[in-house]
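Peer 1: Okay, handing you the structure first.
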Amino acid sequence: MRKSIRVVVSIAAVAAAIAAFMPAATAGVIDKAAAASKSVPPGGTWLAWGGQTRFHLNPDELDRLGIRIASADGAASRTEGKSGVRYEVTAFRALDASGLEINHAGRVISGIGGGALRHSGGYVLAYQGGTVDLRNFSLRASPQTRIGLDVVDAAGTVWFTADHAHYGFEDNAPDVFSMRHMNLRLSAHFAAVLGHPELAGDPIGGLEFRAHSYEGDKSTLEEQGQCSAPWPDPPSSQGDVLLIYDNAASGWTGFDDSVYVKRCNGCTTTSSNGRVIVNQDSSLRNTGTTAVAWLTKFQGECSQLFPGCPYNSDQHPFLVWSTFRVDADGRIKQIGVSGVKHAFYTVNWNCGCAGGNIIWPTCEDTYSNYNNDSSSDLGPRSEIIPFTAQWGRCGSVYDSNCDGNEDSDGGARDLYQFRENVTESELETPIATGAHYYHEYWYIARDDNAIYNSMGWREVSFAKSGANWNVNLVGDTPNGADFHVGPVLDLWIDPNSPPANSANEELSTPLGRARIAVKATDIGGGQWRYEYAVQNFDYAHAQIDAAHPDEPNLKVDSNHGFGRFSVPVGAGATISGLRFDDTDTDTNNDWTVSTANNAVTWTGQANRSLDWGTMFHFEFVANVPPGNGTIQLVGVATQTEPELPYTLDILTPQASNDRIFGNGFD
């Protein structure tokens, strides 16, 4: 839930803050040439002073780096961290007699200017060989970015940087300016001190501050962009959320979007069954012509908050992510699946509109990897109807008793639940030899008319050092050329230009979409290996609670996907080499297979369906070449509705007497 501070400050105190601020600004706390290079739009400057700064330190990352919190002097509040369970969260008071410039054009924040927000108290951090004394630390603008901060000690040495901020004046506290949900990273200096300069920019947690400020009379301030748009009205108008790559060169987030290992559950120097937790920064743009609601959980019904909004819920998009491996022999497997991250705010960058709970056309938004690791915003996929982007809030992990209020312990209960877990053995030799790894992430938004541009992927590599895992981008370039819009499945088989004896087709149903990609390989001796990668994007046969059928108190009892997959093989075909790959390493939950009735049919066990956002790989060898056939996918039955069969024409094994031409050219 959003919290704010509201403090009444006298004119004398404001004057004192400004007086104290001016010498720091004119003394060159921030490099003026660097500030000028940011090309800040013309406008005014607000002053932020006092309040609190809160550090959220990842205990697993502290352990990995050998950093220990020796003290938290003068802390206003503190929750001690515990590896795998919770972040270390400590607040320190900022001084009223200091100030940080907030540049703006009308109501739109355009950058952080000069000055510094100084604090009483601070951490003392111990590491092998020394300590870092952050008592009386300050926050000041990072010279390389418009919306970024440096954390400096009393002598001016930079120890941390902060990026990917949510920022602005708070709706329920207009005298409070805040920068929230930022990544907190090791500075180049700190990384060098630790003896690991390669770790410069390594995320160590999160940072936020809330300070006193004054926005002025909003009636005299104007937004600079077209901050209005109609609501979606399908099918005449629909939204379009585009996943984008943001890098430091844009001057906005302060650090390239990237992919990270956050921690590892059960990893040791010799383990192979530990769980590697992977996530990413994520940025997006509204490329449609309609407004997109971006409400916080339990904020209220969109239709009541915004005139004309068509949703009777606290509508917001959802973020999910996964990791895939393509083996040296070309097989594709999904090896990690996240839960759901609930979005809650948009900064509306690069469009002249103030941040808030609507993303307007052309506006951009971002979420830090720290925020995407937030237990209070993570939940299971089982609560979502993905095709309509509806959340079953009633009975969810946030509202277990369905009273319409957020539970005090809602969300993930530790730092592993609802994260993407990748088993170590999936990243190690011999499986990893010659393999390529890809990280995919995407947004599910209500009335989005083009889901495939709402997702994207990057090639990554994994390496283990001692008990710790690291992930790196492959082919990373300053302009983000290594980022690709669309699903990884389209890399495996290009749907627009498939190689010979392959295809990638969409199955579109009233309940959602899936894609089936097939690759037929001549392995000699009259034998063909058939591989089918079936990815369920947003199909779910949902069971809705009869007592809670509508938003905002919608309750989703289940939302299972497909439970059976069948490939016809033609009369007389001989089948061998049967194989099934799901998203884990547990063979006890694998689908069973039969080869009866001229078909190869896999059937899922109870509660092991091919649910939305997941991909299974099916394989067999047949003694006949490919031709045109019709596969079948069957949606799982609910308590009140039967199975739902769907068919799709695609390449399948066809015996010669089933083909138009015996030579295989149909």
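Peer 1: Look at ARG135 and say whether it is part of a strand (DSSP E or B), touching a residue at least 40 places away in the same chain (Cβ under 8 Å) and of a type in the set (D, E, K, R).
Peer 2: In short, no.
Peer 1: With the condition kept exactly as written, say whether any residue in the stretch 524-544 is outside the structural domain of TRP442 (by TED's automatic domain parsing), closer than 24 Å to TYR441 by Cα, among the aliphatic types (A, V, I, L, M) and not in a strand (DSSP E or B).
Peer 2: So far as the stretch 524-544 goes, yes, one or more of its residues are outside the structural domain of TRP442 (by TED's automatic domain parsing), closer than 24 Å to TYR441 by Cα, among the aliphatic types (A, V, I, L, M) and not in a strand (DSSP E or B).
Peer 1: Out of GLY106, GLY121, I need the residue that is closer than 18 Å to ALA211 by Cβ, surrounded by fewer than 23 Cβ atoms within 10 Å (Cβ to Cβ) and touching an Asp or Glu at 6+ places or on another chain (Cβ under 6 Å). Which one?
Peer 2: GLY121
Peer 1: Looking at VAL600, VAL624 in this structure, which one is aliphatic (A, V, I, L, M) and assigned to a strand (DSSP E or B)?
Peer 2: Working: VAL624 fails: assigned to a strand (DSSP E or B).
Exactly one of VAL600, VAL624 is aliphatic (A, V, I, L, M) and assigned to a strand (DSSP E or B), namely VAL600.
Peer 1: Let me ask something additional. Please go through (1) closer than 23 Å to TRP360 by Cα; (2) in contact with a helix residue (DSSP H, G or I) (Cβ under 9 Å, 6 or more places away or on another chain) for SER236 and return the number of the only condition it doesn't satisfy.
Peer 2: For SER236, the failing item is (2).
Peer 1: Filter the stretch 202-222 for residues that are of a type in the set (Asp, Glu) and closer than 14 Å to ASN183 by Cβ and give the result.
Peer 2: ASP202, GLU208
Peer 1: Right, another one. Looking at this structure, is ASN598 exposed (fewer than 12 other Cβ atoms within 10 Å of the Cβ), not small (Gly, Ala, Ser) and not assigned by TED's automatic domain parsing to the domain that holds VAL320? Talk me through it step by step, then tell me what you get.
Peer 2: On the way: exposed (fewer than 12 other Cβ atoms within 10 Å of the Cβ): no; not small (Gly, Ala, Ser): yes; not assigned by TED's automatic domain parsing to the domain that holds VAL320: yes.
The answer is no for ASN598.
Peer 1: Among the residues of the stretch 515-568, write down those that are of a type in the set (A, V, I, L, M, F, W, C) and either under 23 Å from GLU301 (Cα atoms) or modelled with pLDDT under 95 (or both). Quick ask: steps written out before the conclusion?
Peer 2: So the first thing to find is which residues in the stretch 515-568 are of a type in the set (A, V, I, L, M, F, W, C), and the list is 516-518, 520, 523, 528, 533-534, 537, 540, 542, 544, 546-547, 554, 556, 562, 565, 567.
Passing the criteria: ALA542, ILE544, ALA546, ALA547, LEU554, VAL556.
Peer 1: Okay, next question. Among the numbered conditions (1) in contact with a Pro (Cβ under 6 Å, 6 or more places away or on another chain); (2) under 27 Å from ASP522 (Cβ atoms); (3) not in a strand (DSSP E or B), tell me where TRP612 comes up short.
Peer 2: Of the numbered conditions (1) in contact with a Pro (Cβ under 6 Å, 6 or more places away or on another chain); (2) under 27 Å from ASP522 (Cβ atoms); (3) not in a strand (DSSP E or B), the odd one out for TRP612 is (2).
Peer 1: Give me the residue from the stretch 73-127 that is part of a loop (DSSP other than H, G, I, E, B) and acidic (Asp, Glu) and, out of that set, nearest to ASN350 (Cα to Cα). Can you show your working first?
Peer 2: Taking the stretch 73-127 and keeping what is part of a loop (DSSP other than H, G, I, E, B), we get 74, 80-81, 83-85, 87, 95-98, 106-107, 120-121.
If we keep only those that are acidic (Asp, Glu) too, we end up with 80, 96.
On the way: GLU80: 38, ASP96: 31 Å.
My answer is ASP96.
Peer 1: Test THR630 against the stated conditions and say whether it is surrounded by fewer than 16 Cβ atoms within 10 Å (Cβ to Cβ) and without any contact (Cβ under 8 Å) to a residue 24 or more places away in the chain. So that I can check it myself, show each step before the final result.
Peer 2: Numbers: surrounded by fewer than 16 Cβ atoms within 10 Å (Cβ to Cβ): yes; without any contact (Cβ under 8 Å) to a residue 24 or more places away in the chain: no.
So THR630 does not fit the description; no.
Peer 1: When you check PHE177 against the structure, is it surrounded by 23 or more Cβ atoms within 10 Å (Cβ to Cβ), in contact (Cβ under 8 Å) with a residue 60 or more places away in the chain, in the same structural domain as LEU139 (by TED's automatic domain parsing) and under 30 Å from GLY308 (Cα atoms), yes or no?
Peer 2: So PHE177 fits the description; yes.
Peer 1: If you check SER374, SER400, SER382, which single one turns out to be among the hydroxyl-bearing types (Ser, Thr, Tyr), surrounded by fewer than 20 Cβ atoms within 10 Å (Cβ to Cβ) and without any contact (Cβ under 8 Å) to a residue 40 or more places away in the chain?
Peer 2: After applying the criteria, what remains is SER400.
Peer 1: Are there any strands (runs of 3 or more DSSP E) wholly within the stretch 186-279 with 3 or more residues that are modelled with pLDDT of 95 or more, closer than 20 Å to PHE483 by Cβ and hydrophobic (A, V, I, L, M, F, W, C), and if so which?
Peer 2: Of the strands (runs of 3 or more DSSP E) lying wholly inside the stretch 186-279, those with at least 3 residues that are modelled with pLDDT of 95 or more, closer than 20 Å to PHE483 by Cβ and hydrophobic (A, V, I, L, M, F, W, C) span 241-244.
Peer 1: Out of GLY355, GLY266, GLY336, which single residue is in contact with a strand residue (DSSP E or B) (Cβ under 7 Å, 6 or more places away or on another chain) and without any contact (Cβ under 8 Å) to a residue 60 or more places away in the chain? Please lay out each step first, then the result.
Peer 2: Details: GLY355 fails: without any contact (Cβ under 8 Å) to a residue 60 or more places away in the chain; GLY336 fails: without any contact (Cβ under 8 Å) to a residue 60 or more places away in the chain.
Result: GLY266 is the single residue among GLY355, GLY266, GLY336 that is in contact with a strand residue (DSSP E or B) (Cβ under 7 Å, 6 or more places away or on another chain) and without any contact (Cβ under 8 Å) to a residue 60 or more places away in the chain.
Peer 1: Collect the residues in the stretch 579-594 that are surrounded by fewer than 16 Cβ atoms within 10 Å (Cβ to Cβ), more than 21 Å from PRO568 (Cα to Cα) and in contact (Cβ under 8 Å) with a residue 40 or more places away in the chain, keeping them in residue-number order.
Peer 2: THR585
The values are calculated or read from the model by the stated rules, or taken from the named source; none is laboratory data. Just so we're clear, the structure is a prediction, and the values are computed from it rather than from any experiment. Note that we place each Cβ from the backbone using ideal geometry, even for glycine, and neighbour counts take in every protein chain shown.
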